[in-house]
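One structure below.
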Amino acid sequence: QVRLVESGGGLVQGGGSLRLSCVVSGNFFTIRDMAWYRQAPGLQRELVALITSDNTTNYGGSAKGRFTLSSDNAKNTVYLQMNSLKPEDSSVYYCNAHISVRAGGGWFDYWGQGTQVTVSS
């Protein structure tokens, strides 16, 4: 069974930094891409950043210039370094991955359980 496990959330003062981690575990064939989304109460889930298997990154507007997404493919892990955090970055952050569980199989969409990030003013 494939699982995505997030860590690194917490409470930080405005202007501070946090690093989120997401590791994929279980039996699978390959990962196509991994991403972080976030969802604040009453709002839609939005893309924060995405990284493909060839390390191409794509950032949502709120993350550009402040957040950096990187991956360690050998460890099936991605890291989201968040700097210059603002109160409006407060949200539940979710890890997402598109994974094929067997050679020649289709892509499946997996989500972590989410980690809370709270930025105080």
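Observations on the model:
- Some residue of the range 79-100 being modelled with pLDDT under 95 and touching a strand residue (DSSP E or B) at 6+ places or on another chain (Cβ under 7 Å): no
- Of all residues in the range 31-58, exactly one satisfies the criterion of being of a type in the set (Ser, Thr, Tyr) and at pLDDT below 95, namely 53.
- The set of residues from the range 96-116 being in a loop (DSSP other than H, G, I, E, B) and open to solvent by 50 Å² or more (accessible area, probe 1.4 Å) comprises 101, 102, 103, 104, 107, 113.
- The condition of being of a type in the set (Gly, Ala, Ser), at positive phi and at pLDDT below 95 holds for only one of 104, 61, 26, 114, that being 104.
Let's see how each residue does on (1) within 11 Å of the chain's Cα centre (by Cα); (2) over 23 Å from residue 13 (Cβ atoms):
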residue	(1), (2)
55	no, yes
62	no, no
69	yes, no
73	no, yes
77	yes, yes
80	yes, no
87	no, no
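- Matching residues in the range 76-95 - criterion: being free of Cβ contacts under 8 Å to residues at least 60 places away in the same chain, in a helix (DSSP H, G or I) and either under 13 Å from residue 37 (Cα atoms) or not charged (D, E, K, R) (or both): 89
- Among the residues examined, residue 48 does not qualify as more than 18 Å from residue 116 (Cβ to Cβ), part of a strand (DSSP E or B) and not small (Gly, Ala, Ser).
- Any hit, the range 52-73, residues being in contact (Cβ under 8 Å) with a residue 24 or more places away in the chain, farther than 20 Å from residue 24 by Cα and either open to solvent by 40 Å² or more (accessible area, probe 1.4 Å) or not in a strand (DSSP E or B) (or both): yes
- Considering the range 1-13, and only residues there that are modelled with pLDDT of 95 or more and open to solvent by 40 Å² or more (accessible area, probe 1.4 Å), the residue that is farthest from the chain's Cα centre (by Cα) turns out to be 13.
- Pairs with Cβ under 7 Å, 6+ apart, first in the range 19-35 and over 18 Å from residue 107 (Cβ atoms) and open to solvent by less than 20 Å² (accessible area, probe 1.4 Å), second of a type in the set (Asp, Glu) and assigned to a strand (DSSP E or B): 20/6
- On inspection, residue 40 does not qualify as over 16 Å from residue 19 (Cα atoms), among the small types (Gly, Ala, Ser) and in contact (Cβ under 8 Å) with a residue 60 or more places away in the chain.
The values are calculated or read from the model by the stated rules, or taken from the named source; none is laboratory data. Only a predicted model underlies this, so the values are computations on that prediction, with no experimental measurement involved. Cβ sites come from the backbone with ideal geometry, for glycine too, and all protein chains shown count toward neighbours. Please note that ligands, DNA and RNA were not included when accessible areas were found on the heavy atoms of the full protein model with its side chains. Shrake-Rupley method; radii C 1.70, N 1.55, O 1.52, S 1.80 Å.
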